[in-house]
1. Out of (1) part of a helix (DSSP H, G or I); (2) in contact with a helix residue (DSSP H, G or I) (Cβ under 9 Å, 6 or more places away or on another chain); (3) within 14 Å of RNA strand B (Cβ to nearest atom); (4) over 25 Å from residue A:466 (Cβ atoms), the odd one out for residue A:356 is which?
2. Exactly one of these conditions fails for residue A:347: (1) within 16 Å of RNA strand B (Cβ to nearest atom); (2) in contact with a helix residue (DSSP H, G or I) (Cβ under 6 Å, 6 or more places away or on another chain); (3) assigned to a loop (DSSP other than H, G, I, E, B); (4) not assigned by TED's automatic domain parsing to the domain that holds residue A:453. Give me its number.
3. Residue A:305 versus (1) surrounded by 16 or more Cβ atoms within 10 Å (Cβ to Cβ); (2) under 30 Å from residue A:427 (Cα atoms); (3) touching a helix residue (DSSP H, G or I) at 6+ places or on another chain (Cβ under 8 Å): which is the lone unmet condition?
4. Return the residue satisfying two criteria in turn: it lies in the stretch A:66-85 and is under 17 Å from residue A:33 (Cα atoms) and out of contact with any strand residue (DSSP E or B) (no Cβ under 6 Å at 6 or more places or on another chain), and of such residues it is nearest to RNA strand B (Cβ to nearest atom).
5. Name the residue that is surrounded by the most Cβ atoms within 10 Å (Cβ to Cβ), counting only residues in the stretch A:167-187 that are within 6 Å of RNA strand B (Cβ to nearest atom) and more than 35 Å from the chain's Cα centre (by Cα).
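The values are calculated or read from the model by the stated rules, or taken from the named source; none is laboratory data. Every value quoted in this text rests on a predicted model; they were computed, and no experiment measured them. Cβ placement follows ideal geometry from the backbone for every residue including glycine, while neighbour counts extend to all protein chains displayed.
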RNA sequence: GCCGCUAUCGUCCAGGGGUCUAGGACGCCGGAUUCUCAGUCCGGAAACCGGGGUUCGAAUCCCCGUAGCGGUACCA
């Protein structure tokens with residue numbers, strides 16, 4: 001039970017009750033940043049003493065989310081349940097020293113006692129004669145237990161408001177506040193960085209440390225993250241689990257940057273911070289004290305910034321799974337895919353937004369009738385005739401994404417003079433092309449889109465639109 | 001109920017006794033980019049929870065109130 005360790009040791013200790021939500025992810029990130037900043041160790045511990053909720057699937061989900069976020073750990077995952085022997089040893093020690101005792105009173109007994117005495121008074125039990133009953137830790141009546149929090153400063157809790165709380169059930173299975181303290185002690189944790197919701201429990205853990213005769217770690221309680229409704233973020237706020245953010249097309253680096261800024265700022269007005277900068281500048285004591293609200297709009301913006309800065313190859317690979325999910329069963333035209341990615345990299349804010357923009361390259365256009373009515377009128381037919389002529393005049397050759405001479409430049413050279421030639425606004429000329437080839441009014445730049453589609457398909461789609469116009 | 005935490009633009013982060021006519025970012029509104037959408041650029045509106053103190057002076061310190069949140073389990 002030695003805590004002889006040089007350097008900082010922090011831990012992330014989620015309870016596997018489901019997906020990792022953004023609040024848990026931030027706690028993990030802060031611990032990770034602290035460990036990396038100070039060159040310490042991060043221990044991953046799974047708080048699985050809640051038999052019911054702790055399933056292997058839930059544990060796997062959390063590990064999966066952490067890995068996807070690219071947050072690695074130096075030790076673990078350690079199962080809290082797996083440490084039962086150590087817990088039992090600590091328990092016995094407290095029983096032997098008299099710091100803890102068995103109390104025959106049942107939970108109902110205590111409840112009854114409390115309703116009689118009011119809640120401003122902690123319950124104090126009496127050791128049972130026969131050695132049965134739950135095990136409680138003795139809490140002194142007088143004095144305060146003070147938490148010296150890195151973020152909150154000194155917080156005092158009057159001892160008399162705490163019960164002699166149960167640290168183990170009658171069968172010897174230990175409870176959370178006891179297990180945490182024993183684990184943190186055994187693992188030599190130097191700094192506990194965790195959610196604010198644990199602040200009120202900290203005195204109990206401190207009392208356990210004291211009973212054990214062990215120096216407690218430093219504590220830093222970070223404010224909770226709230227949902228848009230102002231309530232503590234939880235499973236109920238579905239949109240905020242890490243896997244959902246992944247599925248929505250956010251990049252891990254963007255999430256790290258955004259989440260780091262929820263409750264913490266670098267001190268100046270920088271908002272775009274690389275992971276290296278985050279590590280360099282983050283200090284747990286600089287975390288703010290008030291709770292923050294997760295705002296997906298800002299994450300989107302930030303994600304767009306990260307997407308634009310990706311090297312083309314990485315961009316393509318990030319987008320790939322989102323496109324493949326839409327093209328199952330069909331081979332993906334790699335050249336087209338690559339070119340399509342290039343022409344939308346400046347546009348999309350999430351990976352999910354890419355497919356709708358380049359869909360027309362892989363499927364026949366699905367006509368948006370509203371778009372058709374809006375655009376395919378007036379001079380549209382005349383325009384399309386001229387466009388076809390102009391495109392047919394583009395010199396053939398091996399250039400361009402389709403090897404047919406349709407480079408962005410060649411297409412631009414052919415189409416750009418048309419508005420003036422036809423004495424029409426540019427929109428009047430380009431929108432009918434867009435609707436013809438994509439079925440919608442929304443697409444990448446028109447020259448880029450035509451080049452991406454290629455000579456044959458572009459002209460065929462325009463021809464199809466013209467025949468519909470005739471009908 | 002009791003214990004505790006928190007309180008600056010809609011949201012996030014600065015500012016911690018005078019330099020604050022309160023700064024930056026997202027979002028929003030307007031303009032530009034005479035191809036859509038998006039992006040980008042430029043401009044704008046937008047906040048110190050309330051009341052008392054302390055002080056020459058308070059967004060900043062103290063107290064009270066209010067509100068929000070957390071804890072108060074033989075859950076974690």
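1. That leaves (2) as the condition not met.
2. For residue A:347, the exception is condition (2).
3. Residue A:305 satisfies every listed condition except (1).
4. Residues of the stretch A:66-85 under 17 Å from residue A:33 (Cα atoms): A:66-75.
Checking the rest, the ones that are also out of contact with any strand residue (DSSP E or B) (no Cβ under 6 Å at 6 or more places or on another chain) come to A:66-72.
Working: A:66: 16, A:67: 21, A:68: 22, A:69: 18, A:70: 21, A:71: 19, A:72: 22 Å.
Restricting to residues being under 17 Å from residue A:33 (Cα atoms) and out of contact with any strand residue (DSSP E or B) (no Cβ under 6 Å at 6 or more places or on another chain), the top hit is A:66.
5. A:170
Here's the yes/no breakdown for (1) outside the structural domain of residue A:193 (by TED's automatic domain parsing); (2) outside any helix (DSSP H, G or I); (3) surrounded by fewer than 18 Cβ atoms within 10 Å (Cβ to Cβ); (4) over 40 Å from the mean Cα position of the chain (by Cα):
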residue	(1), (2), (3), (4)
A:44	no, yes, no, no
A:48	no, yes, no, no
A:53	no, yes, yes, no
A:64	no, no, yes, no
A:82	no, no, yes, no
A:87	no, no, no, no
A:101	no, yes, no, yes
A:108	no, no, yes, yes
